[in-house]
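Data first, discussion second: the structure below is written as structure tokens.
The values are calculated or read from the model by the stated rules, or taken from the named source; none is laboratory data. Just so it is clear, the model here is predicted, and its values are computed rather than measured. Cβ placement follows ideal geometry from the backbone for every residue including glycine, while neighbour counts extend to all protein chains displayed. Surface areas here come from the heavy atoms of the whole protein model, side chains and all, with no ligands, DNA or RNA. Shrake-Rupley method; radii C 1.70, N 1.55, O 1.52, S 1.80 Å.
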Amino acid sequence: MGISRITDSMMNYGFLSGMNKSLNTQYSLMEQMSDGKRIHRPSDDPVRVIRSLQYRSAISQNEQFVSNVKEAQSWMEMTDKAAGDLSDLVSQAKSLVVRAIEPNSEIGYAAAAKQLDGLINQCVQVANTKIGDRYIFAGNMDKTQPFERVLLSDPTGQSNLKVDTVVYYGDDKKISMVTQSGLANETRDGINLTGIDVFGRKASTGTQYGQATTDVFNALIRIKQELEKTAAVTKTNSLGGTLDVDGGYTGPAD
């Protein structure tokens, strides 16, 4: 067995190598002391770097969940208030109609129709409630004003009659805000009510000239129109005027 000879160059190399390791360790410790961070580059500790990235991703995701929960809560609170206001307006409309048709009513049909017309406009205003710049009852089209009361003309030109209606420009899709792990699910993560959820089935019929409308507004407008027609008939019978095709009265005044 031979004996290895330790040369001066080997001793010098070992000394320099040890000194470099000591300097690197010293530099690393000073770097950690300067900013309090143990890892400055992936090569410092690959396992810890991977875990750190996973933790940061989880923290970021949880922060987004918390933000979504707060925003969803704001939407629900605003929706609850708007739904309450709409319920009050519809109750007022019901009470108004009952008072108008009861025997010896203190309010005439024409006056009731006018008040109901105002309640319909208030309902449209509440139906267009916004949170920030987003409409809460527009479905997924929350940047589009969902409801507008208009007089529609026949696009075919076959009729000169104009239809009083409230057009719905939203859709039937809900806004989803993810508050837990997994892909967005409208059923689980939906935060709003669409105009169809609140005001009933969306329809597209000839009476609205193909425009999308909702059941509640259609019913309220029909009731208003019936009150106006009844008022015109009553005036015709009492004053001897005439009733036109639109249900309006022409003839002697009161």
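Put a dot 7 Å past the Cα of Ser52, heading toward its Cβ, do the same for Arg134, and the two dots end up 3.5 nm apart. Projected label points at Arg222 and Ser91, each 7 Å from Cα along the beta carbon direction, are separated by 2.5 nanometres. Tally up the carbon and sulfur contribution to the accessible surface of the range 102-186 as a whole percent, 1.4 Å probe, everything protein left in place. For the range 102-186, the apolar C and S fraction of the accessible surface comes to 45 percent. In this structure the range 85-156 gives 55 Å² per residue of accessible area when probed at 1.4 Å with all protein chains present.
Couplings 3J(HN,Hα) for the range 125-141, derived from phi with the Karplus relation 6.51 cos²θ - 1.76 cosθ + 1.60 (θ = phi - 60°), are 4, 5, 5, 9, 4, 10, 10, x, 10, 10, 7, 7, 10, 9, x, 7, 9 Hz, where x marks Gly and Pro.
Sequence-ordered 3J(HN,Hα) estimates for the range 143-150 from the Karplus curve with 6.51, -1.76 and 1.60 and θ = phi - 60° stand at 8, 9, 4, x, 10, 8, 8, 9 Hz, glycine and proline given as x. Length gained on full extension, Gln122 to Gln158: 9.7 nm, using 0.36 nm per residue less the C-alpha separation.
Label-to-label distance for Lys114 and Asp197 is 3.9 nm, based on points extended 7 Å past Cα in the beta-carbon direction. The mean sequence separation of alpha-carbon pairs under 8 Å and at least six residues apart, normalised by the residue count of the range 125-177, gives a relative contact order of 33 percent. Judged by the mean number of other Cβ atoms found within 10 Å, the most tightly packed of the peptides 69-80, 163-174 leads the ranking 163-174, 69-80. Across the range 46-198, the relative contact order, built from alpha-carbon pairs under 8 Å that are at least six residues apart, equals 21 percent.
Taking a ≥ b ≥ c as the square roots of the eigenvalues of the Cα gyration tensor, the range 77-231 is oblate, since a/c reaches 1.5 or more and a/b is not larger than b/c. Taking amide H as placed 1.01 Å from N in the peptide plane, Ile131 has its amide H under 5 Å from the amide H of Ile136, each at least 5 places away in sequence or on another chain.
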